[in-house]
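The values are calculated or read from the model by the stated rules, or taken from the named source; none is laboratory data. From a predicted model like this one, the values you see are computed outputs, not experimental measurements. In this analysis, Cβ positions are derived from the backbone assuming ideal geometry, glycine residues included, and neighbour counts consider all displayed protein chains.
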């Protein structure tokens, strides 16, 4: 049944055409409030289990989770943490070993999970050994001071938004552009 | 400037000097603050007196420079006025007036910008924009002409304000922009929506006379298409759609046949347990047969026989045995409904089973037929889809004759009165070639032909002896499968450097070029190019675990070491392998791709190799296997994923990504990277990286040639560089640049792009073909700031690229990085 927003069907019937359309326009102009469910989704993070510890990736940045097997093609002159290219929806997308990228070491296995992440027009595949549960983490709950105990290599500090429950929360808006920039630079510097 | 010191030295200058300084300093103050001349709002006068005589001289020279600019701009505006008059007379787009106007507008825009005359620069930019609109067909010629006339008036008025008042008036520009609005021209959108192609912006004199037929902008949302191709495309598309119904019918037939088969199989399955039970009965002893009433109770005959057996104790064993045989096919064949009593229920069952078997066989046959029909329909649909695709590609194609027309015009222009001496023959003019391919080939081909004609007509001494001998140029185009072949024949030798220019473009297009010298003075260039840049017809080759695609058009032949493969002695294999190694430079594909380095390639036996379509050096690429020939759609890679020689991928039906290798491009880039002394400078960002920076030897002298058609630019740079101790030379156009290069042998050339006679690219191309200029460092100095210009300059051998107006420190930094720190050794 359509929501009548406090009006009865009788009220609607008695309205003149002009009144009806004015009412309809007024209702159409009301900006819908973000539901708590939607807000909850915005804050949802996926826990990824890496070799040195877990990290959290915003769920809204993940377009698809692909189970193994994964096939990829090597590309020359790429960073050590890029495995190659794989086909996703008819396009060749870089396959990133997230473990290697963040920690500098990797127990590289192709039986891990592949997370297709997107930010603006950048799409990359993030290969992680395994994934865990989703967790709701609100912005204010993330502690921006990461501290010395965090496992990732210091040069990756720029792509970490902060720490929640001792797990680094990745900043996809910094991670993906950084990945793209470094892949581009590798073409010149190897 | 230190204003506190200024008054102490007032007495060192004369009254007139101070007046000049005061006036000019006002100008300078305004320029330094907003990079423009003072406007009509009265500037706040703040006089700063120079303490240094050099600085005074510099200021005085700037007054001279302003006067110089005004004089030069006046000349240019006069030329523009004449050009507009010619345009009005010609009343058509293809007019030398438009080109002269374009060149002058570009020059004025650059020079005015350099001196800080913002209004003049803006008006000139607007003129360039309007000319582009007219050329692209976005603006009606007459309307554009009115706008151009008004623009010239605005330029005159603005220049007059500078001369009369000492400052630049903004009013003419504002009035002009109002006029543009009245004419419904939005000059501000062009930079985003209509970036020009190199053919229009960097046009040489040859390009300027080129026809507009077929010219299109890749960024434009519209495309001019040939009506005939369009109708054919419609026709093929309609046929493709018409195939839908037969296809659906074929699918329905398959469904019906499958249902029929399923029904027959179900019937067979129902009969199976009954027959099984009969089979069990047949294997049981006669007593048991009677006792357990194994016969179907409904059978009257069976019951009579059973009762008789019970009564008499006689069991008709033989009959029973016969009756219980489950598969009495011959009895079933004798089935006659009128003699039903003769048969038992087993016979009926057997008959039904036989019928069911027959039904299954018939249904299977129907399925097979329906599948064959479906397969046929699918093939037809694929074929039709292919026809649609080909027609769509052809929609983007142009006849070869378009290029021929351009070449012919270019030859006529460069040869002038000697055009009659040139014999120009063409065949295959109607051959359709992809528009993108043709457009990309146009510039290097024009340059090649232009250089050939110029070389033979004007520079080759031997022609002085046989001046009456005619020159020949032959062109031929034909299509083989998905490949276009263009043959260009010359009656005289062509400078190999000129061929190299064309070679780069061809390699970039996944094609190949080979040179055949038929007699001492006849040579033919063979260009093999894919018909489309979207589809790749290639060889799927394996190197290690990697499968990649190599365009067929780049492979001359495939080398198989059959002896080695058939298991002959290792001596023979080595011998065979060494033969290839002797004649060819061999790379393993994986080494080329940098997946791993194999240093012993030459010592090992090469089993399979791709011999590239390359004359010199002869190159073989060793691969582990040539799997098959494929035709796939190419997907361009994102910029950050592109690698030398790898700019596209193809995804096969199984979802595997295959790199599409441009092997010739890979080889070329490999050679470039190996060259020493190559420096790439990105001056606008003031950052540069060096592949390998070579400092010049101590004995080198620092002579710099400035090639620019703007006298203001030339003299201002001359002043700056001379002050730093460099020996500076000047050239006003391309031809003079070449003369100066030959005569003076400078160390560095500052080269503008837009110049009369030969433009900057032409000069670069010619320099590249002459070995004696190999040590020359070239820095482009242009108002074109787009990446395509930078790339083209780099490809043609420029060492650096600066954008006008160029800050002094950037200019010095660039020059010093190329010549070393000292102006003089």
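One table, with the values for the structure above:
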read-out: Whichever residue in the stretch A:99-112 is over 18 Å from the mean Cα position of the chain (by Cα) and assigned to a loop (DSSP other than H, G, I, E, B) and, among such residues, is nearest to the other protein chains (Cβ to nearest Cβ); value: A:110
read-out: Residue that is in contact with a helix residue (DSSP H, G or I) (Cβ under 8 Å, 6 or more places away or on another chain) and crowded, with 20+ Cβ neighbours inside 10 Å, where the choices are B:544, B:538; value: B:538
read-out: Residue under evaluation residue B:612, criteria (1) within 9 Å of chain A (Cβ to nearest Cβ); (2) crowded, with 19+ Cβ neighbours inside 10 Å, criterion not met; value: (1)
read-out: Single condition residue B:617 does not satisfy, out of (1) part of a strand (DSSP E or B); (2) more than 14 Å from every other protein chain (Cβ to nearest Cβ); value: (1)
read-out: Test: residue A:85 is part of a strand (DSSP E or B), within 14 Å of chain B (Cβ to nearest Cβ) and surrounded by 13 or more Cβ atoms within 10 Å (Cβ to Cβ); value: yes
read-out: Residue satisfying all of: in the stretch A:46-77; in contact with a helix residue (DSSP H, G or I) (Cβ under 6 Å, 6 or more places away or on another chain) and at pLDDT below 90; farthest from the other protein chains (Cβ to nearest Cβ) among these; value: A:52
read-out: Single residue of the stretch B:621-663 satisfying the filter (touching a helix residue (DSSP H, G or I) at 6+ places or on another chain (Cβ under 6 Å) and more than 10 Å from chain A (Cβ to nearest Cβ)) that is nearest to residue A:78 (Cα to Cα); value: B:663
read-out: Listing of strands (runs of 3 or more DSSP E) fully contained in the stretch B:622-679 that carry 2 or more residues being modelled with pLDDT of 85 or more, surrounded by fewer than 17 Cβ atoms within 10 Å (Cβ to Cβ) and over 21 Å from the mean Cα position of the chain (by Cα); value: B:625-636
read-out: Residues being out of contact with any strand residue (DSSP E or B) (no Cβ under 9 Å at 6 or more places or on another chain) and closer than 24 Å to residue B:508 by Cα - total across the stretch B:411-437; value: 1
read-out: Any chance residue B:416 is part of a loop (DSSP other than H, G, I, E, B) and within 20 Å of residue B:472 (Cα to Cα); value: no
read-out: Residues that are surrounded by fewer than 18 Cβ atoms within 10 Å (Cβ to Cβ), within 14 Å of chain B (Cβ to nearest Cβ) and either in contact with a strand residue (DSSP E or B) (Cβ under 9 Å, 6 or more places away or on another chain) or part of a helix (DSSP H, G or I) (or both), drawn from the stretch A:152-190; value: A:177, A:178, A:181, A:182, A:184, A:185, A:188, A:189
read-out: Any chance residue A:96 is within 14 Å of another protein chain (Cβ to nearest Cβ), touching a residue at least 40 places away in the same chain (Cβ under 8 Å), out of contact with any strand residue (DSSP E or B) (no Cβ under 7 Å at 6 or more places or on another chain) and under 22 Å from residue A:156 (Cβ atoms); value: no
